[in-house]
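**Student:** Once you've had a glance at the structure underneath, I'll fire off some questions.
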Amino acid sequence: MSTPGGASISAEQLKTRYIGTGHADISKYEWVTNQHRDAYASHVGHYDHLSYYAVAQNESIGRCRAQMLEKMYQPCGPPPPRKDDA
């Protein structure tokens, strides 16, 4: 992969730039949470998607946006207990 200037980008640089790319030690919960947050961010960022969901749910666009932003906080529920904390 390269940048517009032609310089190559390493995998480590991509991971520091984009949080959702993950790493070798990422848990299933973290990966799914990143996927859900990315999807909600895309829906909120694209007005056409947001208006489609608002019409389908028979809600206002502002209320639909607020609900999606609230779901981004914990899209998959609370995190599971970690084994090393026990």
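Please treat every number below as a calculation from the coordinates, not as lab data. Owing to the predicted nature of the structure, the values given are computational and were not obtained by experimental measurement. Cβ sites come from the backbone with ideal geometry, for glycine too, and all protein chains shown count toward neighbours.
**Student:** Once both axes come from the Cα atoms, what is the angle between helix 28-45 and the longest principal axis of the chain, in degrees from 0 to 90, rounded to 10?
**Tutor:** The two axes meet at around 50 degrees.
**Student:** Shape of the chain from its Cα gyration tensor (a ≥ b ≥ c, root eigenvalues): rounded if a/c is under 1.5, otherwise prolate when a/b > b/c, or oblate?
**Tutor:** On the way: a/c = 4.06, a/b = 1.28, b/c = 3.16.
Oblate, because a/c is 1.5 or more while a/b does not exceed b/c.
**Student:** Roughly how tilted is helix 61-71, in degrees to the nearest 10 and between 0 and 90, from the longest Cα axis of the chain?
**Tutor:** Its long axis makes an angle of about 40 degrees.
**Student:** Okay, moving on. Based on DSSP H runs of at least 4 residues, each adding -39500 (n - 2.57), what is the mean residue ellipticity at 222 nm of the chain after dividing by all its residues, to the nearest 500 deg cm²/dmol? Before the final figure, lay out the partial values.
**Tutor:** Working: 4 runs with 47 residues, N = 86.
Taken over the chain, the calculation gives -17000 deg cm²/dmol.
**Student:** Using DSSP loop states and a limit of at most 15 other Cβ atoms within 10 Å to flag chymotrypsin sites (Phe, Trp or Tyr not before Pro), what is the longest stretch of the chain containing no flagged site? Show your work: numbers first, answer last.
**Tutor:** Numbers: sites that count: Y18, Y73.
By the stated rule (loop sites, at most 15 other Cβ atoms within 10 Å), 19-72.
**Student:** Report the full-extension gain for the segment D48 to E12: residue separation times 0.36 nm, less the Cα-Cα distance, to one decimal in nm. Don't skip to the answer; put the middle values down first.
**Tutor:** Numbers: separation 36, 0.36 × 36 = 12.96 nm, distance 3.44 nm.
Result: 9.5 nm gained on full extension.
**Student:** Right, here's the next one. Counting pairs of alpha carbon atoms under 8 Å apart in space and at least six apart in sequence, what relative contact order in percent does the chain give? Please list the in-between numbers first.
**Tutor:** Details: 47 pairs, mean separation 21.2, N = 86.
RCO, the chain: 25 percent.
**Student:** How far is helix 47-57 tilted, in degrees, relative to the longest principal axis of the Cα atoms in the chain, given as a value from 0 to 90 rounded to the nearest 10?
**Tutor:** That works out to roughly 50 degrees.
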